[in-house]
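To keep things clear, I will list the structure first and then write my remarks on it.
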Number of protein chains: 2
Amino acid sequence: MDAVNTCANSSCPDDIVAECAALMAREGYHGTSMRDLARGTGRSLSGLYHHFRSKEELLYLINERGFSSLLANAARLRDAYRAQPPRSREARAASAALLCDLIGAHLGYFGSHLNEMRVLTFGTQPMSSAHGDAIRALKLRYAEIVQFAVGEYIAARRAPAASDEIERKSYLLFGMMNWIFGWYSFDEHGSVEALAEEIYMTFTKGCAAPRPATTQDA
Amino acid sequence: MDAVNTCANSSCPDDIVAECAALMAREGYHGTSMRDLARGTGRSLSGLYHHFRSKEELLYLINERGFSSLLANAARLRDAYRAQPPRSREARAASAALLCDLIGAHLGYFGSHLNEMRVLTFGTQPMSSAHGDAIRALKLRYAEIVQFAVGEYIAARRAPAASDEIERKSYLLFGMMNWIFGWYSFDEHGSVEALAEEIYMTFTKGCAAPRPATTQDA
DNA sequence: TTGCGGACCGAACGTTCGTTCGGCCGAGGG
DNA sequence: CCCTCGGCCGAACGAACGTTCGGTCCGCAA
């Protein structure tokens, strides 16, 4: 008789989660059946149920692991930024570096987990309230870090922006980064690093900004 | 004996399409059943089938009408731009106005057809090849107009950009505009017009650009 | 060697899916 | 007056859905 654990099933191997995410990335959560997942992972239908309790828990696992990883990277970058001595004359460069690093981390994780990210971005909706709340909390904490960086960047360059303006601008940045799932392919559009640089430049300087040989900000 | 028409069923009233789009916007195409649509539109299950031949044709109708409308607006703006006498000293202002108007038209249509737009942006995938090709063609023509505007804007301000850079920058712009579906609500985030202005400014000047009282470009 | 537990499977459960069929009804032209 | 026809419906079809159950296999500790 197990204690009912309404939260995570941490015993599920990462590779199964990743394979299922790859399959769900094509047709979405509702469009991919458990039988599709069984066939795609070379397992039987009932064999899958030894690794997670339900299809919805699988969706939760994909989301939970993805956002936890993104959040850990972002929190590390923010903490490093905060640990710097606050010399005001370097505030512009430091806030620019934080923003640039966050964009690079987001797209970097994305580059190596493209399938999971496709699932993450399209649809927290079909999750139960308990799981949905946990994922929304992770998303919120992640978004707060990006908003902090955007706020710091703007504050170092002009009068600090109101929190709702920072929120909207951060959403625009997320839009640029996440919309990539619809069109990016390595062969056609170059490396993820170059794309991160282009997003950083477009978001901070506008689309007509010249491309520098190295990232330079002043 | 009808001639088999593999394409549109133009006899379906707009309001039914709009109601179905509103329902599909919540849980997506696969997540919304024909019974959900019947209940939601106050009709019977089989009654729906007198307006379209299949669920997939309904998805096609939502996409076809939405993108046709977007495309018509965009083409009108582009033609007006091209009809202007090419006085080079006004090229900067004219290309800025075109870009600003296109963003305004995209978000304006969006503001009055939010539910349809949610369906449009998430998923051309589950469509048959015949329908899918038709929608992809509409999307392509629409994207080409936006790319034209981005190219003109950049060319009027610095050395013309390569076509692949214009393509990427246009995708970033689409990302800012379309990601809105995930978070926008009129009550919290103000009018669509103000948001269009903010996207235009961020895309052209960067996130730290000051907000002018009126749109001014030089 | 025996016993155990986790990984895995085939077969089936009840439900819901998209779609079809035959018939009802009320407005409108002859 | 009747007849037609488009809009609409209840009931049902076979297929596919998520999930469960009993059993098989195999590595490993005792």
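Highest-first packing order for the peptide set A:144-151, A:185-192 is A:144-151, A:185-192, based on the mean count of other beta carbon atoms within 10 Å. For the range A:103-182, the square roots a ≥ b ≥ c of the C-alpha gyration tensor eigenvalues yield an a/c of 1.5 or more together with a/b not exceeding b/c, which makes the shape oblate. Shielding by partners for peptide B:190-197, expressed as the average number of C-beta atoms from other protein chains within 10 Å of each residue's C-beta, is 1.
What's the exposure ranking of A:Ser95, B:Ser44, B:Ser129, going from fewest to most Cβ atoms within 10 Å?
Numbers: A:Ser95 22, B:Ser44 11, B:Ser129 7.
Exposure proxy ranking, most exposed first: B:Ser129, B:Ser44, A:Ser95.
At B:Gln84, label 7 Å along Cα→Cβ: distances to the other copies, nm, ascending? List, nearest first: 4.1 nm. Distances between equivalent label points of B:Gly190 across the copies, with each point positioned 7 Å along Cα→Cβ, amount to 3.3 nm, shortest listed first. Long hydrophobic helices in chain A: the complete DSSP H runs spanning 20 Å or more by Cα along their own axis with mean Kyte-Doolittle hydropathy of at least -1.0 are A:14-31, A:55-83, A:91-112, A:129-155, A:163-178.
Label-point spacing for A:Tyr49 across the identical copies (point 7 Å from Cα in the Cβ direction), in nm and ascending order: 3.2. Rounded, prolate or oblate for chain A? Axes are the square roots of the Cα gyration tensor eigenvalues, ordered a ≥ b ≥ c, and the cut-off for rounded is a/c under 1.5. Since a/c reaches 1.5 and a/b is larger than b/c, the shape of chain A is classed as prolate. Placing unit charges on each Cβ (+1 for Lys and Arg, -1 for Asp and Glu) gives chain B a dipole about its Cα centre, and among B:Tyr109, B:Val146, B:Val17 the Cα reaching farthest toward its positive end belongs to B:Val146. Note on the range A:175-201 and the range A:18-74: Cα centroid distance 25 Å, given to the nearest whole angstrom.
Could you state the orientation-averaged shadow area of the convex hull built on the Cα atoms of the protein assembly as shown, in nm² to one decimal?
26.0
When the listed pairs A:Lys169/B:Lys205; A:Lys55/A:Lys139; A:Lys169/A:Lys205; A:Lys139/A:Lys169 are checked against a 18 Å cut-off, the alpha-carbon distance exceeds it for A:Lys55/A:Lys139.
Taken residue by residue and averaged, Cβ atoms of other chains lying within 10 Å of the Cβ of A:161-173 number 5.
Bear in mind these aren't lab numbers, they're just calculated from the coordinates by the rules spelled out. Computed from a predicted model, the values in this text were never measured in an experiment. Note: ideal-geometry Cβ built from the backbone for every residue, glycine included; neighbour counts use all protein chains shown.
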